[in-house]
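Novice: I'd like to ask some things about the structure below.
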Amino acid sequence: MQDSYLKFANTGFGARLTALLGLPPPLVLARYQPGQPTVAGPILLGAGGTPQLLAPLAASFRSMGAQTLAHAGLPQWLGIANDAGLVSGRWGVAD
């Protein structure tokens, strides 16, 4: 699919006109291409109470080949991630 506004705003006339109208310059968004990772960068996890979907999440993240970082308030994630064969770590740790 082509983005007509993106093409127009990147022409000389279009750039001047969009600037005069106060419109922001359009950004080219990264699109998924077959063979690329589903998620670029680690997935940050956090939860409250007694989360019950951690095992299915771990299986999904494993199938995507994703790396995860769990908040310090989610200590049970590391065991679940290890069981699923995920690369995981912590974030939000003061020390």
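The values are calculated or read from the model by the stated rules, or taken from the named source; none is laboratory data. This is a predicted model, so every value here is computed, not measured. Positions of Cβ are backbone-derived with ideal geometry, glycine not excepted, and every protein chain shown enters the neighbour counts. To get the accessible areas, we keep the full protein, side chains included, count just its heavy atoms, and leave off ligands, DNA and RNA. Shrake-Rupley method; radii C 1.70, N 1.55, O 1.52, S 1.80 Å.
Novice: Give the relative contact order (percent, whole number) for the chain; include only Cα pairs under 8 Å separated by 6+ residues.
Specialist: So the answer I get is 22 percent.
Novice: Taking H placed 1.01 Å from N in the peptide plane, check which residues at least 5 places from residue 67 or on another chain put their amide H under 5 Å from its amide H.
Specialist: 43
Novice: Still on this structure: Using +1 at the C-beta of Lys and Arg and -1 at the C-beta of Asp and Glu, which of 40, 80, 5 has the Cα lying farthest in the positive direction of the dipole of the chain?
Specialist: With unit charges placed on the Cβ atoms, the residue in question is 5.
Novice: Using modelled backbone amide H atoms (1.01 Å from N, in-plane), which distant-in-sequence or interchain residues come within less than 5 Å of residue 86's amide H?
Specialist: none
Novice: May I pose another question? Find how much the distance from residue 53 to residue 6 grows on full extension, using 0.36 nm per residue of separation minus their present alpha carbon separation; answer in nm with one decimal.
Specialist: 12.9 nm
Novice: A further question on this structure: With every protein chain left in place, what is the accessible area per residue of the chain in square angstrom, probe 1.4 Å?
Specialist: Value returned for the chain: 74 Å² of accessible area per residue.
Novice: Springs between alpha-carbon pairs under 10 angstrom, Gaussian network model over the chain: which of 59, 47, 19 fluctuates most?
Specialist: With Cα springs under 10 Å in the chain, the top fluctuation among 59, 47, 19 is at 19.
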